[in-house]
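Read-outs: derived from the displayed coordinates by stated rules, not from any lab. All figures in this text were calculated on a predicted structure; none of them were measured in a lab. Ideal geometry is used to build each Cβ from the backbone, glycine not excepted, and the neighbour counts take in all protein chains shown.
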Amino acid sequence: MVLRISIANRRSCWGAWANSERYFAHVTTTRPEENGSATFSSLRVPTFRLFWWSGVYSYLGVQMQFLLRGLLAWDLTERESGLGIVYLAFGVGLLVFTPIGGVLADRWAKRSLLVFGQGVIAVAAAGMGLAAVSGNARFWMLMVASLVQGAMFGLIGPARVSTSADLVGREQLGNAISLTSMSMSLTRLFAPAAAGVLAGVATIGIGGAYLVASLFSVVSTLLTARLPRLEPTNPSRRNPLDEILDGLRYVRSKPELRRLILTTIVAIMIGFNYVAFLPALVEGQLGLSESHVGFLTTASALGAVLITAFVASRADGPGAEKLLVFCGIAFGIGVVLFGLAPNYLSALLIVVVLGFATNGFMVLTSSRSMVISEDSHHGRVQSLMQLAWAGFGIAAAPLGAVAEVIGLRPTIVVMGVITFFVVVLYGISLSGVLVRTTK
């Protein structure tokens, strides 16, 4: 049933693509209220709908691999530091290639960039799956695959976000980013749980689950190839290094944008790392199975889905800044409570709230950064926002080492406290900006 529905929607998108140029020229003047429901207004744009479906399949593969990476690392090492090192490799790839991706998003046709990056991710997943199925998986292979996939995420991440602006225009930008996040959240409802279940089946295992994830990435690549070329506006011919430095100078010249990016980087780098240690907490401390890790991730996705529709209709409104701060504070408090959770059931309930808070925070920071920056710098601004995920991967290794010294639960609590105070400080600075604006 799900497969038939997905295929039907894909056919609808492909049929609409034939008239994409006419719609593409029209979207910048289309207002949400003219299209009916504000919550799903961006999906009325055929090219964005195609892009949305390509994201669904991409996130299916991504969410499965995110869990499988941790499960395989735990199976191969049975150490928190092993989990951290794998995510460190992912983070290093992101750190190096994200600035490059930001420059390329402002200079190259985004479709070509997205197809290349997504294709490499599919190949890396298939290679890791074959190694695991054949019984030849080694920890260094997992590190290399994580490094390659992190590099490709860095390369295409800024282009994915700025593509939303190209397809729907500024007036629906917050809505489009929210719906893109919804596609990620919807896949998190069942993809991690499915990955955990598949990994726990003897005849399939982690390797077979990796191959399924690579298949989803292939489908996403094929759908992305049907998008318009998405040529850049006024592409620069300057040296790429000069472009990166220009992006840094641009952000430094805008205090609000600078504070937003720094807050996002620290909060994701420290607070969101609780997900990296789910296998250690569930399997190592609670003595449960891979399936329980998947269900915990699914519970987080449930909270994310619940807030996405709410945020989608408000991301472009006047109260978006306050909602951003509220979600960020709830994010920090949720991580603290997760670290103190006495059993699996309480952890399950807490991560629902965490999913609600973290997804709202990430959607609103991303849309806010696009709103307060100029079109010519969207790619480079988003590359700096994407550095939060590089920081997430890089911080996992030292946080894993700390967890082995002081304990996993105290480490998670400290991560939540840091996140809480960083967002509070941003909220205080933002309140001053809003007061000056109203005056």
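A few remarks follow.
- Peptides 246-257, 268-279, 66-77 ordered by average Cβ neighbours within 10 Å, highest first: 268-279, 66-77, 246-257
- ³J(HN,Hα) computed for each position of the range 215-225 - Karplus, 6.51 cos²θ - 1.76 cosθ + 1.60, integer Hz, glycine/proline x: 5, 4, 5, 5, 4, 4, 4, 5, 5, 4, 5
- Neighbour-count ranking [beta-carbon atoms within 10 angstrom, fewest first] of TYR59, TYR87: TYR59, TYR87
- Averaging Cα coordinates gives a centre for the range 172-194 and one for the range 406-433; these two points are 25 Å apart.
- Shape call, the range 41-438: gyration tensor on alpha carbons, a/c limit 1.5: oblate
- Least to most buried among PHE338, PHE295 (fewest other Cβ within 10 Å first): PHE295, PHE338
- J(HN,Hα) series, the range 358-375, from Karplus relation 6.51 cos²θ - 1.76 cosθ + 1.60, nearest Hz, glycine and proline x: 5, 5, x, 4, 5, 4, 6, 5, 5, 5, 5, 5, 6, 5, 8, 10, 8, 3
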